[in-house]
1. With each pseudo-label sitting 7 Å past Cα toward Cβ, what's the residue 52-residue 335 distance in nm, one decimal?
2. By count of other Cβ within 10 Å, fewest leading, how are 62, 193, 116 ordered?
3. When the helices in the chain are scored as -39500 (n - 2.57) per DSSP H run of 4 or longer and the sum is shared across all residues, what 222 nm value do you end up with, to the nearest 500 deg cm²/dmol?
4. Considering every pair of different Cα atoms, what Kirkwood radius, in Å, is found for segment 120-171?
5. In whole angstrom, note down how far apart the Cα centers of segment 418-484 and segment 193-211 are.
6. In whole percent, what relative contact order does the chain give with Cα contacts below 8 Å and a gap of six or more residues?
7. So what are the three principal axis dimensions of segment 1-119 from its Cα atoms, in whole Å, longest to shortest?
8. What is the Rg over Rh value, at two decimals, for segment 148-214, using alpha-carbon atoms and the Kirkwood definition of Rh?
Ligand code: BG6
């Protein structure tokens, strides 16, 4: 299967924080791949802007080494690199001062699509928006792209939204959640709304519960400084997992268009019941002989910040009333494995008698690695011995089903940056969505802050604290095994 690449219109993309970690690891390699794919044409320009004193030639060298280090792509030939680098420029700029702004503004060309990527801490969002406006760069065709963390609670997210809204319309603001750019996450919508098979069963009458797991094998590494002020709930649940929950639980939007999709997601978040203290477990990983534990990777050795969280959520609406959603995410777990499992109820009556055991269909959507879907089906165990039943998977790995070309899925950032240029906000979070998500997570965080109870320690390489297992056991259910 050959993927179709539609070139985008010529654009200017300014990366504030152009020498930062995200630019190096994700943004520049993603742009290079789109260049190789023929989607980013020869007229497009990428302008790095940061405080570091360097000229365009030095920035091109910087970008070259970033791409060679972080682009693990084998199809994107290295000889394309010089062509791509010629489209890069650099401006030394002070986000809070006046240095560089005239130079940046002089580089802008009338009538082209302009995107400004705020790849900087949220503390600078307001300053950048204000200067873009005062230097006359914020025209009707301009878009701004902002990264998470979008605030650390409802109040700060609101303040950020208000700061940006002073200079940009909501239709110009692209809040990135890179999970929405993942191929399989978009497939959630295709599976649900492109097939007749699932929708009639997609409700509390047939679904016993839904489990969402985003497990990481790595720890916080060198990000301890940021992470310890954040924790798993802010870092993963409020955004990435919330988005997965929304896509799984939302009503079918009338169209695949930005506001239709985001309206439905927002309704899910607003329908979430508050989470009780007994419905959340938080944990922190311990060290091993070879690897330091969480507390040894952050400054505050007495920290209560969680590197793991598991919780039980309820959506109070007609479709889902009575069906629990179990969410868990953590670092230093058994494997890097993310999946959503929709566990259906057992058949109301077994004609095969009690010896046939308990069987329930499970639809598993594997997000990473090994993207695909699997449907657990109950069949007769082959051979003599009567009607013995066994569960087998109908397994579809996307790469196998769609051919080798598609095994190399575009990275989330490739898709999302091209969507910004195209002006498609469907896969970006709207301001009200982000605020609603904080409104739901804030009380959980406040509850922890008001308690002196520390997170439960769990062994590196495990499935998290035993209490997370208990969260399901006490409901007579169990987590699926974390397996890569
Ligand atoms: C980021 C979090 O948003 O997502 C990280 O800040 C986390 O802590 C990462 O590791 C996970 O992303 P992915 O794409 O590797 O699943």
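Laboratory data are not the source of any read-out in this text; all were calculated from the coordinates shown. This one's a predicted model, so the numbers in the text were calculated from it and none came from an experiment. Note that we place each Cβ from the backbone using ideal geometry, even for glycine, and neighbour counts take in every protein chain shown.
1. Between residue 52 and residue 335, the label points sit 3.8 nm apart.
2. On the way: 62 22, 193 13, 116 27.
Final ranking by Cβ density, sparse to dense: 193, 62, 116.
3. Mean residue ellipticity, 222 nm, calculated: -8500 deg cm²/dmol.
4. On the way: mean 1/r = 0.0882 Å⁻¹.
By the Kirkwood definition, the hydrodynamic radius is 11.3 Å.
5. 22
6. Values: 861 pairs, mean separation 85.3, N = 484.
Relative CO of the chain lands at 18 percent.
7. Dimensions of segment 1-119 along the principal axes of its Cα atoms: 50, 33, 21 Å.
8. On the way: Rg = 17.5 Å, Rh = 15.4 Å.
The Rg/Rh ratio comes out at 1.13.
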